């Protein structure tokens, strides 16, 4: 009787251990290839938007996080890799938006200079016509 209880207890423990081992393996999951690909696309878009010129710190941070994600994948730390890849994508998007914003700001500044120059020319032209006086026929 005693042996039977011990045997049942041992079998129950083995079943629980096997279940935990199986669930632990499934929790490791798969490498976050989609998150990694999205981060790489984000970095490419940021580079094309001239982020290296206008948002170099954000772009560098995104590159470092992407590299960290690749290292985490190599170490089979897939959850860390996914988080780093997602963070790299966000940093890359931030760099892209900052670069686009700066480009737009500079374009708006140039347009404003052109408008100011036209307004100055128009003002000079109206002063000249006023200083001549009304045309007499």
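Quick check: is even one residue across segment 24-33 within 20 Å of residue 90 (Cβ to Cβ), in a helix (DSSP H, G or I) and either modelled with pLDDT of 80 or more or more than 41 Å from the chain's Cα centre (by Cα) (or both)? Yes, some residue in segment 24-33 is within 20 Å of residue 90 (Cβ to Cβ), in a helix (DSSP H, G or I) and either modelled with pLDDT of 80 or more or more than 41 Å from the chain's Cα centre (by Cα) (or both).
Taking the condition farther than 18 Å from residue 35 by Cα, surrounded by fewer than 19 Cβ atoms within 10 Å (Cβ to Cβ) and in contact with a helix residue (DSSP H, G or I) (Cβ under 6 Å, 6 or more places away or on another chain), does residue 105 pass? Here the answer is no, as residue 105 does not meet what is asked. The numbered conditions (1) in contact (Cβ under 8 Å) with a residue 24 or more places away in the chain; (2) under 13 Å from the mean Cα position of the chain (by Cα); (3) under 22 Å from residue 104 (Cα atoms) are all true for residue 65 except (3).
Using the structure shown, decide if residue 111 is part of a helix (DSSP H, G or I) and surrounded by fewer than 12 Cβ atoms within 10 Å (Cβ to Cβ). In short, yes.
The values are calculated or read from the model by the stated rules, or taken from the named source; none is laboratory data. Note that this is a predicted model, so its numbers are computed, not measured. Here the Cβ is made from the backbone with ideal geometry for all residues, glycine too, and neighbour counts use every protein chain on show.
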